[in-house]
Amino acid sequence: MKPAPFAYKKTRSLEEAVALLGEHSGKSLDARLLAGGQSLIATLNMRLSAPSLLIDINGIAGLDGIANKGGTVEIGALVRHAQAERSETIARHAPLIARAMPHIGHAAIRNRGTLGGSIAFADPAAELPACLMALDGEVDATGPKGKRTIKAGDFFKGLFETALGPQDVLTAIRVPAATAETRVGFAELARRHGDYAIIGLAASARADGKGLADVRLSFFGVGSTPVCARKAEAALSGGAIDDKRLAAAIAALDLDPHDDVQATAALKKHLAGVLLRRVAKQLLEART
Ligand SMILES: Cc1cc2nc3c(=O)[nH]c(=O)nc-3n(C[C@H](O)[C@H](O)[C@H](O)COP(=O)(O)OP(=O)(O)OC[C@H]3O[C@@H](n4cnc5c(N)ncnc54)[C@H](O)[C@@H]3O)c2cc1C
């Protein structure tokens with residue numbers, strides 16, 4: 001299928017992007033930001049959306065940096081998945097994101113898709129929103145009233161729904177830089193490598209003696225947003241992780257997935273336990 005006709009405007013400034021969204025949002029003339037286009041163009045081609053204007057933000061300078069700023073890793077919205085995958089800074093200071101990157105689509109998709117686009121699109125089966133939740137990160141957005149920061153826990157509101165307003169441009173994401181005590185784990189199950197996951201788990205924790213503290217388990221593909229399994233997090237925290245503690249954490253998994261095109265709810269619940277077992281093992285490995 002071909003998309004419905006639309007106008008195209010390439011903008012070179014954040015202010016202009018916000019102004020253009022203001023002129024068009026909420027009216028019959030609907031506008032959408034275009035970043036990597038790897039999700040947006042597919043929805044246009046399938047006629048799932050038919051905006052009258054695409055505002056191309058790829059020419060806005062300063063949104064493609066990756067930096068460790070005093071213990072916080074900041075990643076610009078226009079950083080491509082492939083750029084993040086190759087980044088030394090992300091490998092060293094945001095190892096959970098580094099582990100997740102190769103699972104996002106295929107190389108061609110990662111060459112164009114952006115981190116900002118993935119977070120803004122908020123697909124419930126996507127890797128990066130779950131990583132942002134597991135790392136307790138935050139998002140910067142600029143809108144008509146200026147810049148604001150939104151905590152990951154307040155950002156993902158529902159199915160493809162975020163705290164971004166119709167005139168907001170996501171400009172960066174931030175996550176705490178890993179320390180020597182940081183432990184991360186990532187696993188997903190997909191029918192073929194590169195497909196959206198049936199279910200996945202992004203996790204972080206702090207090494208604490210022989211056990212773990214501050215465990216954060218963020219599942220994806222099990223609800224309308226990334227889902228943190230709070231009871232299982234508590235069950236894994238404190239004390240050494242032996243088979244008994246792991247079994248208790250799996251039993252405590254408080255997930256309520258629905259059947260979808262990929263798997264039944266019952267299968268997803270079973271697979272959540274399988275992933276938790278794999279990821280718990282990773283969380284116990286010391287950083288190299
Ligand atoms: C075959 C295929 C397989 C894929 N597999 C996966 C996968 O396994 N895991 C995964 O996570 N993703 C997958 N993707 C999606 C890919 O990761 C996309 O790149 C990503 O979801 C969107 O990023 P984008 O830059 O392409 O955004 P676009 O497609 O340009 O935009 C997506 C949406 O976000 C909005 N948007 C974009 N940037 C901003 C911004 N800065 N501020 C506010 N709103 C913004 C757009 O207006 C649009 O509504 C797949 C895509 C394809 C085609």
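If I take the Cα coordinates of the chain and project them onto the principal axes, what are the three extents in Å, biggest first?
Principal extents (Cα only, largest first): 59, 44, 33 Å.
Can you pull out the trypsin sites (Lys or Arg not before Pro) in the range 172-227 that DSSP calls coil and that have at most 12 other Cβ atoms within 10 Å?
Working: sites: ARG174, ARG183, ARG191, ARG192, ARG206, LYS210, ARG216; in loops: ARG191, ARG192, LYS210.
Answer in residue order: ARG191, ARG192, LYS210.
Report, in debye and to the nearest 20, how large the dipole of the chain comes out about its Cα centre when Lys and Arg carry +1 and Asp and Glu carry -1 on their Cβ. Could you put the intermediate results ahead of the total?
Working: 36 positive and 30 negative charges, 77 e Å.
Its charge dipole is roughly 360 debye.
Given ALA249, LEU267, GLY209, which one lies farthest toward the positive end of the charge dipole of the range 182-283, if we put +1 on the Cβ of every Lys and Arg and -1 on the Cβ of every Asp and Glu?
Result: GLY209.
For the chain, what is the calculated [θ] at 222 nm in deg cm²/dmol (nearest 500), taking -39500 (n - 2.57) for each run of four or more DSSP H residues and dividing by its residue count? Let's see the in-between values first.
Values: 12 runs with 95 residues, N = 288.
So the helix-based figure for the chain works out to -9000 deg cm²/dmol.
Of the listed peptides 34-41, 4-11, 235-242, what is their order by residue-averaged count of other C-beta atoms within 10 Å, with the highest listed first?
34-41, 235-242, 4-11
Hey, any idea what Rg/Rh is for the range 66-176, computing Rh the Kirkwood way over Cα pairs? If you can, show how the numbers build up before the last one.
Working: Rg = 13.0 Å, Rh = 13.8 Å.
With Rh from the inverse mean 1/r over Cα pairs, Rg/Rh is 0.94.
What ranking, highest mean first, results for peptides 257-265, 147-155, 193-201, 87-95 when packing means the other Cβ atoms within 10 Å averaged over each residue?
On the way: 257-265: 13.7, 147-155: 15.3, 193-201: 20.6, 87-95: 18.6.
With the highest mean Cβ count within 10 Å placed first, the list reads 193-201, 87-95, 147-155, 257-265.
Would you kindly calculate the translational diffusion coefficient of the range 43-114, applying Stokes-Einstein with the Kirkwood radius from alpha carbon pairs, for 20 °C and a viscosity of 1.002 mPa s, and quote it in µm² s⁻¹ without decimals? All intermediate terms of the calculation are to be shown ahead of the outcome.
Details: Rh = 13.8 Å.
The calculation lands on 156 µm²/s.
Whole-Hz ³J(HN,Hα) for each residue in the range 34-39, computed from phi via Karplus 6.51 cos²θ - 1.76 cosθ + 1.60 with θ = phi - 60°, x for glycine and proline: what do you get?
In residue order, the calculated couplings are 10, 9, x, x, 6, 9 Hz.
Note the angle between two axes, namely the Cα long axis of helix 14-24 and the longest principal axis of the Cα atoms of the chain, as a number of degrees from 0 to 90, rounded to the nearest 10.
The angle comes out near 70 degrees.
Quick one: 3J(HN,Hα) in Hz for the range 207-217, Karplus 6.51/-1.76/1.60 with θ = phi - 60°, rounded, Gly and Pro as x.
My calculation for the range 207-217 gives 5, 9, x, 8, x, 10, 10, 6, 6, 10, 10 Hz in order.
Where nothing but the Cβ of Lys and Arg (+1) and of Asp and Glu (-1) is charged, how large is the charge dipole of the range 203-288 around its Cα centre, in debye to the nearest 20? Don't skip to the end; give the middle numbers.
Numbers: 13 positive and 10 negative charges, 52 e Å.
Roughly 240 debye for the range 203-288.
Can you give me the pair-distance distribution of the range 172-288, C-alpha pairs, 10 Å bins, whole percents?
14, 46, 30, 9, 0
So for the chain, averaging the separation of alpha carbon pairs under 8 Å that are six or more residues apart and normalising by length, what relative contact order in percent results?
Details: 647 pairs, mean separation 43.7, N = 288.
Here the relative contact order equals 15 percent.
Computed from the coordinates by the stated procedures, all read-outs in this text should not be read as laboratory data. Note that the structure is a prediction, hence the values are computed from the model and not measured. Note that each Cβ is placed from the backbone with ideal geometry, even for glycine, and that neighbours are counted across all protein chains shown.
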